[in-house]
Amino acid sequence: QLVYPYDFRLTEKEKTSICYLSFPDSYSGGLGDTQFSFRLRQSGGQRTTHYEDDGEYNREAPLTLQRESAHYFGYVYFRQVKDSSMKRGYFQKSLVLVSRLPYVNLFQSLLQLIAPEYFDKLEPCLEAVCNEIDQWPPPVPGQTLNLPVMGVVIQVRIPSRVDKPGSSPVKQFNQENLLPAPLVLPSIHELDVFRCFQPVLIHIQMLWELMLLGEPIVVMAPSPTVSSEMVLALTSCLAPLRYCCDYRPYFTIHDSEFKEYTTRTQAPPNIVVGVTNPFFIKTLQHWPHVLRVGELRMSGDLPKQVKVKKLAKLKTLDTKPGIYTSYKTFLHKDKTLIKRLLKGIQRKRPSEVQSALLRRHLLELTQSFIIPLEHYIASLMPLQRAITPWKNPPQIRPFRQEDFMKTLEHAGPQLTCVLKGDWLGLYRRFFKSPNFDGWYRQRHKEMTQKLEALHLEAICEANIVAWMKDKSEVEIVDLVLKLREKLVRARCQHLPVKEETLQRVGLYIETIIGSLPEDLQAVLHHH
């Protein structure tokens, strides 16, 4: 019905998808307000974003919170109430916030403020809110922002890549005597994982392995809320490792990718998809892992834990909750986590404390797995003394899986993790997954940039005049062109180089040009 700001361009295909994704697609008798999220593939080519500083934000943000380039997130507030004046007897409407940022808590909190007002006052309300949001500062990683909207100030910290993983956000911000007191969000994006994972706590390790390996998973849930929270909780459980596969927190039969995902002519894609329509039980039963969950209820004791069942049992319509898979975990189950969580339930610990426990467990598991890989890849970097000013920097040595496996005997996960099991088998499977590919490319890019930076520093330390003594004009001109190119690249790619180093290289170039005959100087300056 309405898009704000008016100049926000969506293709027809995107509009249709957003419409279908903004409503529950299976009968929900529940009245009232619900909130959920979706993620949508952008169609119709790259568009220029309003943010020219994407690069800067993405360099400083944690990998898991980078701005998406090819997907939109949709955050939905859906209201369904009885209304006899409507043809269907119900008032049904959704307000959707579309963003490239995965800030689920911030945007859902924002919708809780805006949506009820919007359903009441309609368009003028959105106009006022958009004017306020236009004044918000851009999200700068590491900063705490005060975001005024509708008489409330939302206070939130934007996480940064240099934050220590697993450190809790600073509890009390500087209050600056804000009146009224701000609405402080403890995290911009972290879900209450204890609540989300309630029915599957005893299988958390299996789910972690499936996510690590990028396996295709269907989450079948009773509502878009449960479906989207479960999918987002799953994709967050590898942090700080980035989950590099596709994921759809909520997916309907009207989706343009429906055919692509339900075809049986090829293997299911590496994706986690959340669905609510029972029709999917039939169309997705060839997928290797199906997690069926019921409504989430916070109760005083450990909620009923689902069982792992054979996929063949999935054929019936009234499918019982369970994990339908034939997957055998590589690692043995960790009993201590469940004992701890149970103790927390008995002592009536708040959910956020339980969540922090669960998060720490997943973080330690991921770190035990990733640290040996980090050690090995660091050893592929050329030695600093091999970096000389007048030669191209040496190459990073290739990643050899077998060499890596040999390092595990004395420096494997067993050093930091008590879990026994087939770690080697897990690594071998991991090497075939998009998550390994994504991790390796990211590290390789960072190392290449580090090499470039070290090389520039070596050039700065060198005695350029001595080098030029016995060189021909051709060699000197060649050096000028190469140094210039390096300088441009360092600035474009924002290499980790000190500004003074770049300025010194600039001065070097001027010095070298100055020593050449005037006709050559003119040509080089013209360049």
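Could you tally the net charge around Q108, taking each other residue with its Cβ under 13 Å from the Cβ of Q108, Lys/Arg +1 and Asp/Glu -1?
Values: positive: none; negative: D33, E190, D192, E229.
That sum, taken over residues with Cβ under 13 Å, equals -4.
First compute the accessible area of the range 1-150 with a 1.4 Å probe, then give the percent of it belonging to carbon and sulfur atoms.
Here it works out to 52 percent.
Sorting K313, K15 by accessible area (1.4 Å probe), largest first, what list results? Don't skip to the end; give the middle numbers.
Details: K313 130, K15 85 Å².
Greatest to least solvent exposure: K313, K15.
Which ³J(HN,Hα) values in Hz, rounded to whole numbers, follow from the phi angles of the range 391-402 under the Karplus curve 6.51 cos²θ - 1.76 cosθ + 1.60, where θ = phi - 60° and Gly and Pro get x?
10, 4, x, x, 6, 6, 5, x, 7, 10, 4, 5
Quick query: amide H of Y90 versus all other amide H atoms, modeled in the peptide plane; which residues come in under 5 Å with a sequence gap of 5 or more or a different chain?
Long-range HN contacts for Y90: D83.
Give the average over all directions of the projected area of the C-alpha convex hull of the range 439-486, one decimal, in nm². List each step's numbers first, then the result.
Values: hull surface 15.8 nm².
Value for the range 439-486: 3.9 nm².
Please go through the range 84-118 and write out the trypsin sites (Lys or Arg not before Pro) that DSSP classes as loop and that have at most 13 other C-beta atoms within 10 Å. Could you put the intermediate results ahead of the total?
Values: sites: K87, R88, K93, R100; in loops: K87, R88, R100.
When the trypsin sites (Lys or Arg not before Pro) of the range 84-118 are filtered for loop state and at most 13 Cβ neighbours within 10 Å, K87, R88 remain.
Which aspartates and glutamates, if any, have their Cα less than 17 Å from the Cα of K320, not counting same-chain residues under 8 positions apart?
Within the straight-line cut-off, K320 pairs with E295.
When ranked by the protection proxy of mean other Cβ atoms within 10 Å per residue, highest first, what sequence do the peptides 413-425, 215-227 form? Walk me through the intermediate numbers first.
Numbers: 413-425: 14.7, 215-227: 23.8.
Highest to lowest by the protection proxy: 215-227, 413-425.
What base-10 log of the normalised intensity I(q)/I(0) is obtained for the chain from the Debye formula, alpha carbons as equal point scatterers, at q = 0.10 Å⁻¹?
-0.94
May I ask for the net charge around L331, where only other residues with Cβ less than 10 Å from the Cβ of L331 are counted and Lys, Arg are +1 while Asp, Glu are -1?
Details: positive: K333, K420; negative: E209, D334, D422.
Net charge around L331: -1.
Cross-link partners among lysines for K420, C-alpha distance below 20 Å, same-chain residues fewer than 8 apart left out?
Answer for K420, where 20 Å is the Cα cut-off: K328, K333, K335, K339, K406, listed by chain and number.
Just to check I understand the Karplus step: with θ = phi - 60° and J = 6.51 cos²θ - 1.76 cosθ + 1.60, what whole-Hz values come out for the range 364-370, glycine and proline as x?
5, 5, 4, 5, 4, 6, 8
With a probe of 1.4 Å, find how much accessible area the chain has per residue, and write the answer as a whole number in Å². Intermediate values should be presented prior to the final figure.
Values: 27750 Å² over 527 residues.
Accessible area per residue: 53 Å².
Check each of the GluC sites (Glu not before Pro) in the range 48-134 and keep only those in coil by DSSP with at most 12 other C-beta atoms within 10 angstrom; list them in order. All intermediate terms of the calculation are to be shown ahead of the outcome.
Working: sites: E52, E56, E60, E68, E117, E127, E132; in loops: E52, E68.
Sparse-neighbourhood loop GluC sites (Glu not before Pro): E52.
Please compute the net charge surrounding G151, taking Lys and Arg as +1 and Asp and Glu as -1 over other residues with Cβ under 12 Å from its Cβ. Mind dumping the intermediate values first?
On the way: positive: none; negative: E117, E132.
Taking every other residue near G151 into account, the sum is -2.
Over the chain, what is the relative contact order in percent, taking alpha-carbon pairs closer than 8 angstrom and at least six residues apart? Before the final figure, lay out the partial values.
Details: 716 pairs, mean separation 61.6, N = 527.
About 12 percent, as a whole number.
Would you grab the residues whose amide H sits under 5 Å from the one on L331? Only those 5+ places off in sequence or on another chain, please, with H modelled 1.01 Å from N.
Amide H to amide H, under 5 Å and 5 or more residues apart or across chains, L331 pairs with D422.
The values are calculated or read from the model by the stated rules, or taken from the named source; none is laboratory data. Quick caveat: nothing in here was measured; it's all calculated off a predicted structure. Cβ atoms come from the backbone with ideal geometry, glycine included; neighbour counts cover every protein chain shown. Note: areas computed on protein heavy atoms with side chains; ligands, DNA, RNA excluded. Shrake-Rupley method; radii C 1.70, N 1.55, O 1.52, S 1.80 Å.
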